[in-house]
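Novice: The structure that follows is given in the form of structure tokens.
Read-outs: derived from the displayed coordinates by stated rules, not from any lab. Given the structure is predicted, the values throughout are model-derived calculations rather than measurements. Methodologically, a virtual Cβ is constructed for each residue, glycine included, from the backbone with ideal geometry; neighbour enumeration extends over all protein chains shown.
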Amino acid sequence: MLFSERIRLLRKELNIKQRTLADAIGVDVPMYSRFEHGERHPKREQVMKLARLLKTDANELVALWLAEEAMNAIGHDKMSARASQLLLGVLDKSQEHALTAPAESPRDDQPAQPAPQAEVTVDPTLMKAPEMPIGKRKLIASLNLGGLPHYEQGDARLVMQQIEDESVDCILTTPPYWHLRRNESLNCDTIEEFINEVLRVMAEAWRILKPQGSLWLNMDDAYQDHSLQAIPWRIAIKMMDFQGWKMRNDVVWDTTRNATDNTHTHLRNTHEYLFHFVKNDDFFYNPEELRRVFNEVTKLGSKGLMPADVWRIPAEKSPIERYNVSAESLCRLPIVATCPEGGLVLDPYCGTGTTCKVAYDLNRRSLGIDINPERLKIARTRVEQKSLSLF
């Protein structure tokens with residue numbers, strides 16, 4: 001049994017759909033189906049990920065993958081049997097030499113060479129959104145967005161895969177909080193999985209954002225095993241290192257909430273981060289509107305100075321238990337600063353639609369995505385009574 005048959009049997013034993021595995025390793029379903037039929041061959045990092053998803057030994061699966069690669073290369077040649085014998089002989093001698101050869105001591109006049117470092121592989125889906133056939137991404141054109149905000153129900157990353165390249169002016173979003181993950185779309189078992197899922201969505205954000213666009217990412221942190229996990233910064237640094245984002249600001253949002261907990265070993269947590277990312281230095285920015293709205297929101301006169309990077313904006317109460325909503329004032333500032341009038345604002349985790357409502361109030365088009373249909377019902381009621389005279 002070689003690689004293709006092995007992954008097909010394991011998937012069926014675990015009752016996993018091809019689409020689930022295809023999404024996890026960053027390919028479409030037809031491509032994954034070819035993997036299972038031996039018609040195409042995944043990359044090594046995809047094999048490693050499949051081993052984890054299929055709950056099998058990674059080394060054994062890689063060995064099967066290598067064997068299938070060799071069989072495909074020589075299997076139909078009349079000299080394949082002889083080639084296999086030669087290959088086995090070379091491999092046996094190579095392993096024997098590795099086990100018996102003494103370590104070579106460096107000469108006195110030659111400095112010792114450092115031990116080779118293990119190569120660090122990064123899942124390609126964390127760095128770049130998977131490619132799709134030309135013409136398959138046409139969501140924005142099909143919606144003809146204008147007037148009221150539009151909402152799409154579904155997984156953020158899968159819906160975003162349908163959006164055209166460089167078609168969005170501004171992305172403003174708050175991914176589900178890790179400590180509330182069981183009630184949200186990012187249902188991950190570990191913080192590392194949670195971070196990777198957010199990064200995959202941010203890879204799609206890079207693809208669909210216009211060159212002059214901005215991404216605003218609001219993140220909260222969480223404790224695990226009595227240690228603050230630095231989740232916002234771990235995501236932000238990987239976005240810069242893996243995906244090429246440039247961070248313009250790390251805004252500290254002072255929520256002014258009365259945070260309570262039972263611990264007496266650390267301070268109360270009353271702030272979140274709002275990161276401003278761009279793709280290059282030539283991005284849209286309206287400092288005059290930012291100053292004006294900031295003064296309205298905070299009641300502070302800046303005397304012509306740019307607002308500082310600590311925003312004291314009260315968090316808003318939510319009608320849903322154990323569910324946080326964005327403050328409308330917090331959404332207004334990024335939108336007026338970095339989205340031109342009439343531009344398109346996207347919120348991949350829109351929840352009850354605060355971002356889209358504020359975009360609508362500010363004469364911007366908007367698209368919200370959320371996996372929870374009940375929250376989208378609430379989102380639609382927040383603006384459906386407004387006049388369409390803005391457009």
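Novice: Under the definition of Cα pairs under 8 Å and six or more residues apart, what whole-number percent is the relative contact order of the stretch 3-74?
Specialist: Once normalised by length, the contact order is 33 percent.
Novice: I'd like to know how the stretch 130-217 sits against the 2.2 N^0.38 Å rule of thumb: what's its Cα Rg over that expected value?
Specialist: Rg over 2.2 N^0.38 Å, computed on Cα atoms: 1.16.
Novice: Here's a follow-up. Restricting attention to the stretch 9-67, which trypsin sites (Lys or Arg not before Pro) occupy a DSSP loop and are surrounded by at most 12 other Cβ atoms within 10 Å?
Specialist: 17, 55
Novice: With the alpha-carbon atoms as the only input, what is the per residue convex hull volume for the stretch 3-74 in Å³?
Specialist: Considering the Cα atoms of the stretch 3-74, their hull volume per residue is 71 Å³.
Novice: Pop a pseudo-label 7 angstrom from the Cα along the beta-carbon direction at both residue 15 and residue 224 and give the gap in nm to one decimal.
Specialist: Label-label distance for residue 15 and residue 224, simple model: 2.8 nm.
Novice: I'd like the Karplus ³J(HN,Hα) series for the stretch 204-217: coefficients 6.51, -1.76, 1.60, θ = phi - 60°, whole numbers in Hz, and an x wherever there's a Gly or Pro.
Specialist: In residue order, the calculated couplings are 5, 4, 4, 5, 8, 7, 5, x, 8, x, 10, 10, 10, 10 Hz.
Novice: Follow-up question, since we're still on this one. Counting other Cβ atoms within 10 Å, keep those with at most 12, restrict to DSSP loop, and tell me which GluC sites (Glu not before Pro) in the stretch 14-72 are left.
Specialist: The qualifying sites are 39.
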